[in-house]
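J.: Below is a structure I'd like to ask you about.
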Amino acid sequence: MADELAGIELKIERAQTHLADLKERLRAVLDPKRYDFSAEFDSKTKRQVYKVRDLPAVEPEWSILIGEALYQLRSALDHLAWRLVEYDGGTPNKQTQFPIRDSFLDKQGNLRPLGDLMPQINSPDILQALHEAQPYYGGPKAHRSRMDAHRHPLWILRVLNNIDKHRLLLVVVHTLNIERMYWGNSPGLPTPSPYLNTVALKEGTPVAAFDFGGQEPPADFDPHLSLKVVLREPEAAFISHVEVTGALDSLRSWVEWDVVNSFRPLLGLTPRI
């Protein structure tokens, strides 16, 4: 028998294709040969200051690719909801969707049932699995606060997908790829104290400064500066410093393995390994 979740998996694969395309575009644009960092010792602050030059342009197509990947992931979840309703003996309709909630209570403090969104689901096993998949879920006897829930991958997916329905997502070139910075410690000199700029860049913006205790840095000092691209959306601030393709890969992985794969046994299917 054909895998009944094959269509869902094709949606996830399509999201992966969009991400692969985005990675190739960013790899070309962020080639270190296409931009540069100038270095100058500031005699007033006694710091070695680095500024970015030839800043790569932000392409609108990046937002389009990101939005298409998000759509496919959200659509995969809604396709899963459709299958869950069918498996429970119900009839899916235009309102059938996978619930993504930041609280198990409504605004009046009443318990919010999950089965009514797809439409009604009665299976206790499916309802429990849906409950455990929610951003608010923190374990059998605990629930996350809304603040914590808003850091959950499904909540971030929900927020970004809703934004993309109405406008292009805000994509910026970040100041520094801090995770890839490194430098050695020259004998006889103190370990430099770094000052890093984490706002969106403009041409000539100071991106970093290093204090060697008031001394000029050694001639061969190299902090190995580089750029990365991030999403800057206030409603998804938790990922605003994470490289965009890495953030989206995490969302894809969560949908594929932590959600879809966890429902396979409930549908009589073997979990993927």
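J.: Could you grab the relative contact order for the chain? Cα pairs under 8 Å, six or more apart, rounded to a whole percent.
T.: 23 percent
J.: Please give the solvent-accessible surface of V260 in Å², to the nearest 10, using a probe radius of 1.4 Å with every protein chain present.
T.: 0 Å²
J.: Still on this structure: Given +1 on the Cβ of Lys and Arg, -1 on the Cβ of Asp and Glu, and no further charges, what dipole in debye does region 1-47 carry about its Cα centre, rounded to the nearest 20?
T.: Roughly 520 debye, rounded to the nearest 20.
J.: What are the semi-axes of the equivalent ellipsoid for region 36-99, taken as the square roots of 5 times the Cα gyration tensor eigenvalues, largest first, in whole Å?
T.: Ellipsoid semi-axes (Å, largest first): 54, 14, 7.
J.: Rg and Dmax in Å for the chain, alpha carbons only: what are they?
T.: Using the Cα atoms of the chain, the pair Rg, Dmax is 23.4, 75 Å.
J.: Hand me the tally of lysine pairs in the chain: alpha carbons under 22 angstrom apart, and the pair either on different chains or 8 or more positions apart.
T.: 13
J.: While we're here: Give me the net charge for the shell around K202: Cβ to Cβ below 12 angstrom, other residues only, Lys and Arg +1, Asp and Glu -1.
T.: Net charge in that neighbourhood comes out at +1.
J.: I'd like the FRET efficiency for S262 and H224, computed as 1/(1 + (r/R0)^6) with the beta carbon distance as r and R0 of 35 Å, rounded to 0.05.
T.: It comes out at approximately 0.30.
J.: Hey, what did region 119-267 get for relative contact order, percent, Cα under 8 Å, at least 6 apart?
T.: Relative contact order of region 119-267: 25 percent.
J.: Taking a virtual spin label 7 Å from the Cα of R34 along the C-beta vector, which residues in region 158-188 bring their backbone nitrogen under 14 Å of it?
T.: Only 173-174 fall inside the zone, counting backbone N under 14 Å.
J.: If you don't mind, another one. For the pair V172/E203, report the inter-label distance in nm, with labels modelled 7 Å from Cα in the Cβ direction.
T.: It is 1.9 nm.
J.: Considering only protein heavy atoms and a probe of 1.4 Å, how much of the accessible area of region 1-138 is carbon and sulfur, as a whole percent?
T.: Carbon with sulfur: 49 percent of the solvent-accessible area.
J.: Just how many % of Cα pairs in region 84-161 lie over 21 Å apart, if you round to the nearest whole percent?
T.: 29 percent
J.: So which GluC sites (Glu not before Pro) in region 2-45 are both in a DSSP loop and have at most 15 other Cβ atoms within 10 Å of their Cβ?
T.: Those that pass, being in a loop and sparsely packed, are E4.
J.: Return the sequence-ordered ³J(HN,Hα) values of region 44-50 in whole Hz as given by the Karplus equation 6.51 cos²θ - 1.76 cosθ + 1.60 applied to θ = phi - 60°, using x for Gly and Pro.
T.: Working through the residues one at a time gives 7, 8, 6, 10, 7, 10, 10 Hz.
J.: Could you tell me which of rounded, prolate or oblate describes region 22-71, using a ≥ b ≥ c as the square roots of the eigenvalues of the alpha-carbon gyration tensor, with rounded for a/c under 1.5 and, failing that, prolate when a/b is larger than b/c and oblate otherwise?
T.: prolate
J.: Let me ask something additional. Per residue, how much accessible area does region 96-157 have with a 1.4 Å probe, in Å²?
T.: The answer is 54 Å² per residue.
J.: In whole angstrom, note down how far apart the Cα centers of region 208-273 and region 1-30 are.
T.: Value for the Cα centre distance between the two parts: 17 Å.
J.: Using a Förster distance of 25 angstrom, determine the FRET efficiency expected from the C-beta separation of K23 and F238, and round it to 0.05.
T.: For K23 and F238, the calculated efficiency is 0.70.
J.: Name the most mobile residue of P190, P60, P119, meaning the one with the largest mean-square fluctuation, in a Gaussian network model of the chain with Cα contacts below 10 Å.
T.: Residue with maximal mean-square fluctuation among P190, P60, P119: P190.
J.: Using DSSP H assignments, which helices in the chain have an axial alpha-carbon span of 18 Å or above and a mean Kyte-Doolittle hydropathy of -0.5 or higher?
T.: Going by DSSP H runs, the hits are 6-29, 60-87.
J.: Another question, if that's okay. Looking at the chain as a GNM with Cα springs under 10 Å, which of L231, L189, L201 has the largest mean-square fluctuation?
T.: It is L189.
J.: Now for a different question. Going by the alpha-carbon gyration tensor, a ≥ b ≥ c the square roots of its eigenvalues, is region 1-133 rounded (a/c under 1.5) or, if a/c is not under 1.5, prolate (a/b greater than b/c) versus oblate?
T.: Taking the square roots of the gyration eigenvalues as a ≥ b ≥ c, region 1-133 is prolate.
J.: Could you calculate the FRET efficiency of H131 with N93 from 1/(1 + (r/R0)^6), where r is the beta carbon distance between them and R0 is 25 Å, rounded to 0.05?
T.: Taking R0 as 25 Å, the efficiency between H131 and N93 is 0.70.
J.: May I pose another question? List, largest first, the extents of the alpha carbons of region 128-217 along their principal axes, each in whole Å.
T.: Computed over the Cα atoms, the extents are 62, 37, 18 Å.
J.: What number comes out for the charge environment of A133, summing +1 per Lys or Arg and -1 per Asp or Glu over other residues with Cβ under 15 Å away?
T.: +1
J.: Shifting gears a bit: Can you tell which of W82, W257, W183 shows the greatest fluctuation in a Gaussian network model of the chain with Cα springs below 10 Å?
T.: Comparing W82, W257, W183 in the GNM, the peak value goes to W183.
The values are calculated or read from the model by the stated rules, or taken from the named source; none is laboratory data. Remember, it's a predicted structure, so these values are computed and weren't measured experimentally. Cβ atoms come from the backbone with ideal geometry, glycine included; neighbour counts cover every protein chain shown. Just so you know, the surface numbers come from the protein's heavy atoms only, side chains and all, with ligands and any DNA or RNA stripped out. Shrake-Rupley method; radii C 1.70, N 1.55, O 1.52, S 1.80 Å.
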